[in-house]
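Comments concern the structure below.
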Amino acid sequence: MKFIDEFRDHTRARQTLEHITTLVEKICRDRPAPLRIMEVCGGHTHAIFHYGLEAMLPKQLELIHGPGCPVCVLPMGRVDDCLAIAERPEVILATFGDAIRVPGSRKSLLQAKAEGADVRIVYSPMDALDLAIRHPEREVVFFGLGFETTIPSTALTITQAQRQRITNFSVFCNHITIIPTLKAILENPDHRLDGFLGPGHVSMIIGTEPYRFIAEHYRCPVVISGFEPLDILQSLLMVVRQLHDGRAEVENQYQRLVSRDGNPAALQAVHEVYESRQSCEWRGLGPIEDSGMQIRQAYAAYDAERKFSLPNQQVADPEALRCGEVLTGNLKPWQCELFGSQCSPESPCGALMVSSEGACAAYFQYGGPRAEQHEEVSP
C-alpha cells in the first residue's frame, strides 16, 4: 500500500475484523476470561479510539492501555523538581507542550508561567538550544521527556552544545526506556496479559530484537504495529493468530519503518551521551531498575540536576487519583470517580487527562464513560 486512504479502507477493515472475530471465538470457546492484549504506545490508544476500533472488536478481546505515554508516567515529584528550576529568576525553562499542564503537588508549569516564571513551549531540543544562543545572559533548561523516540534528538543537541561551547544550556533529563518497563509489567502477578502491540515509534530506534525476551521467556506474542486503523487491526490479527496456533514470537507489522536492528546512528548518539539510572520512579509502577537515563559524566556541564540544587522528593498522588491503576491496566479511566467530573482536559487532576497520548484523554474525547460497552459499530 502506498496511499493513506488504503490504510483506512472499509472493506479491508471488515474482512480483517471478521478474521479476528473467528479466531477469537475459537480461542475463547473453552475459556471464561477474555483475551487481554496491551497496546503499549499512547499513540495506538488514541488511534484506537479515534477510529472506533475497540467498539468493533469482539467482546472476548479486551484491549489494555499500557504505560507508553512518557508524560503520563512522570511522577509528581519530578514535576516539582522542574518547577523548582523554572521558578529561578535566571532560568528560561523550555518544554514540550504536553508537559506544561501536568500537575505537580503545588501547581503546573502553566500556572508557574502565569505567576511570572519564564516557561516557553518548544518543538524540539534544538529550539531550546537556539534560545540559549539568543539569550546568553540567561540559563536555558530543556525539560527532556520521552522514550527512545526522543532521546536521540536530545543527545545530539547536547553534543551540538558542547561543540559550540554553549555554557548556558542544560537538560533536566527525564528520559525513560520501554524494555525494563515491559519486564516489570510481566513480572507482576496481578497483570495477566496474552499479547502486546509493540510501539512503532520506539521500535524505529531500537528495532525488534529487544522484545525477543517477551516471546521466549514469557511465551507472550509481540507484534510491532503502525498507527493507521488497518495497521492496528492487522497487528491484532497477527497476535490472535499466534495465540490460536500456540506460538509466541516477535513479528513486525510496521516493516515500512521498523527494521530488525533499529537506527544505529541514533543508538550510538544515545550511548555516547547517556547511561542507565540505577533506578527510576514511574507513576503507577513505582521504581523500575535501569528504566531511566541520565547524562554521562563527560557531559555533566549540560546536566541540570548537577547544575541546580533540586528537592528530589518523592511525592505520592492524591488518594482519590487513580492514574497508577489506569496506567497498569488494572482500571479503566471511566472507573475512576474523578473521571469527567473533577478531572477533565480543561481542569486535569492527573497527567493521563493532560497528555495527547493519555488514556483518560482518549476516553474523554472519543468514548466517555460508556466506551467500555462495545456497542456494535460498522467500520
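The number of residues in the stretch 16-33 that are surrounded by 15 or more Cβ atoms within 10 Å (Cβ to Cβ) and not β-branched (Val, Ile, Thr) comes to 4.
Which residue out of Ser170, Ser203, Ser153 is under 22 Å from the mean Cα position of the chain (by Cα), more than 21 Å from Ile288 (Cα to Cα) and outside any loop (DSSP other than H, G, I, E, B)? Break it down into steps so the answer makes sense when it comes.
Values: Ser170 fails: under 22 Å from the mean Cα position of the chain (by Cα); Ser203 fails: more than 21 Å from Ile288 (Cα to Cα).
Exactly one of Ser170, Ser203, Ser153 is under 22 Å from the mean Cα position of the chain (by Cα), more than 21 Å from Ile288 (Cα to Cα) and outside any loop (DSSP other than H, G, I, E, B), namely Ser153.
Does Ile232 meet the test of being farther than 17 Å from Leu35 by Cβ, aliphatic (A, V, I, L, M) and surrounded by 15 or more Cβ atoms within 10 Å (Cβ to Cβ)? Considered against the rule, which asks whether it is farther than 17 Å from Leu35 by Cβ, aliphatic (A, V, I, L, M) and surrounded by 15 or more Cβ atoms within 10 Å (Cβ to Cβ), Ile232 comes out as no. Of the residues making up the stretch 144-180, those that are of a type in the set (A, V, I, L, M), in contact (Cβ under 8 Å) with a residue 60 or more places away in the chain and within 21 Å of Ile133 (Cβ to Cβ) are Ala155, Leu156, Ile158, Ala161, Val171. I need the full set of residues from the stretch 181-190 which are more than 15 Å from Gly284 (Cβ to Cβ) and under 18 Å from the mean Cα position of the chain (by Cα), in order please. Of everything in the stretch 181-190, those that are more than 15 Å from Gly284 (Cβ to Cβ) and under 18 Å from the mean Cα position of the chain (by Cα) turn out to be Lys183, Leu186.
Against the test of being touching a strand residue (DSSP E or B) at 6+ places or on another chain (Cβ under 7 Å) and of a type in the set (Asp, Glu), the options Glu90, Glu115 yield a single qualifying residue, Glu90.
Taking Gly368, is it surrounded by 15 or more Cβ atoms within 10 Å (Cβ to Cβ) and either at pLDDT below 80 or out of contact with any Pro (no Cβ under 8 Å at 6 or more places or on another chain) (or both)? No. The listed residues are Leu331, Leu327, and the only one of them that is under 20 Å from His191 (Cβ atoms), modelled with pLDDT under 85 and touching a strand residue (DSSP E or B) at 6+ places or on another chain (Cβ under 6 Å) turns out to be Leu327. Taken over the stretch 89-129, residues that are surrounded by fewer than 17 Cβ atoms within 10 Å (Cβ to Cβ) and either part of a loop (DSSP other than H, G, I, E, B) or more than 27 Å from the chain's Cα centre (by Cα) (or both) amount to 9. The conditions of being in contact (Cβ under 8 Å) with a residue 40 or more places away in the chain and either of a type in the set (A, V, I, L, M, F, W, C) or buried (at least 23 other Cβ atoms within 10 Å of the Cβ) (or both) are met by Phe49. Here the condition is being modelled with pLDDT under 95 and among the polar types (S, T, N, Q); of Thr159, Thr181, it holds for Thr181 alone.
The strands (runs of 3 or more DSSP E) found wholly in the stretch 240-302 and carrying at least 1 residues that are free of Cβ contacts under 8 Å to residues at least 60 places away in the same chain and touching a helix residue (DSSP H, G or I) at 6+ places or on another chain (Cβ under 6 Å) occupy 250-252.
Every test in (1) outside the structural domain of Asp303 (by TED's automatic domain parsing); (2) loosely packed, with under 15 Cβ neighbours inside 10 Å is passed by Val223 save one, and that test is (2).
The selection criterion, being within 29 Å of Ala13 (Cα to Cα) and surrounded by 22 or more Cβ atoms within 10 Å (Cβ to Cβ), holds for Val240. May I ask you to verify whether Val73 is modelled with pLDDT of 95 or more, among the β-branched types (Val, Ile, Thr), surrounded by 17 or more Cβ atoms within 10 Å (Cβ to Cβ) and not in a strand (DSSP E or B)? So Val73 does not fit the description; no.
The values are calculated or read from the model by the stated rules, or taken from the named source; none is laboratory data. As the structure is a computational prediction, the values presented were derived from the model and not from experiment. Please note: Cβ atoms are built from the backbone with ideal geometry, for glycine as well, and neighbour counts cover all protein chains shown.
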